[in-house]
Amino acid sequence: MITDGQVLIKVEDLYKVYNNRLHALDGVSEEIRKGEVVVIVGPSGSGKSTFLRSLNLLEMPTKGHVYFEGVDITSCFPIKPYSRISRWLRLSF
């Protein structure tokens, strides 16, 4: 069980490249701790939505890892829609 302050989501060296030329994410790394409120801001086209969609694997990263409660979910793809991971990784836009 993860308690407040412990890492809930960890992103390591995340890349997303479209059509071998458009780099939407270029080596993004981040840790999100339980209890934190996180805001992703930036101009249009900077990769905000791609990053968020990569966290719940609606968008599969080209390279890198997303860990949820210490489990590398990028190696668990596809995630079953009603698994514990999918229930936790619901996002609001």
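Tell me the net charge near Pro61. Cut-off is 14 Å between Cβ atoms, Pro61 excluded, with +1 for each Lys or Arg and -1 for each Asp or Glu. It would help to have the intermediate numbers written out before the result.
Values: positive: Lys10, Lys16, Arg53, Lys63; negative: Glu12, Asp13, Asp26, Glu30, Glu59, Asp72.
Result for the local shell: -2.
What is the spin-label model distance, in nm, from Val71 to Ser46 if the labels are put 7 Å beyond Cα along the C-beta direction?
3.3
What accessible area per residue, rounded to a whole number of Å², is obtained for the range 1-53 using a probe radius of 1.4 Å? Mind showing how you got there, number by number?
Working: 3680 Å² over 53 residues.
For the range 1-53, the solvent-accessible area averages 69 Å² per residue.
Take the solvent-accessible surface of the protein heavy atoms, probe 1.4 Å, and return the percent of it on the range 11-55 that carbon and sulfur atoms account for. Write out the running numbers ahead of the final one.
Details: 1400 of 2970 Å².
In the range 11-55, the share of accessible area belonging to carbon and sulfur is 47 percent.
Could you compute how much accessible surface Val38 exposes when probed at 1.4 Å, giving the result in Å² to the nearest 10?
The accessible area of Val38 comes to roughly 70 Å².
On a straight-distance basis, which aspartates and glutamates could pair with Lys16 in a cross-link, Cα separation under 14 angstrom, same-chain partners fewer than 8 positions away excluded?
The reachable aspartates and glutamates, counting only those whose Cα sits under 14 Å from Lys16, are Asp26, Glu59.
The values are calculated or read from the model by the stated rules, or taken from the named source; none is laboratory data. Note that the structure is predicted; figures quoted are calculated from it, not measured. Methodologically, a virtual Cβ is constructed for each residue, glycine included, from the backbone with ideal geometry; neighbour enumeration extends over all protein chains shown. The accessibility values were calculated without ligands, DNA or RNA, using every heavy atom of the protein model including side chains. Shrake-Rupley method; radii C 1.70, N 1.55, O 1.52, S 1.80 Å.
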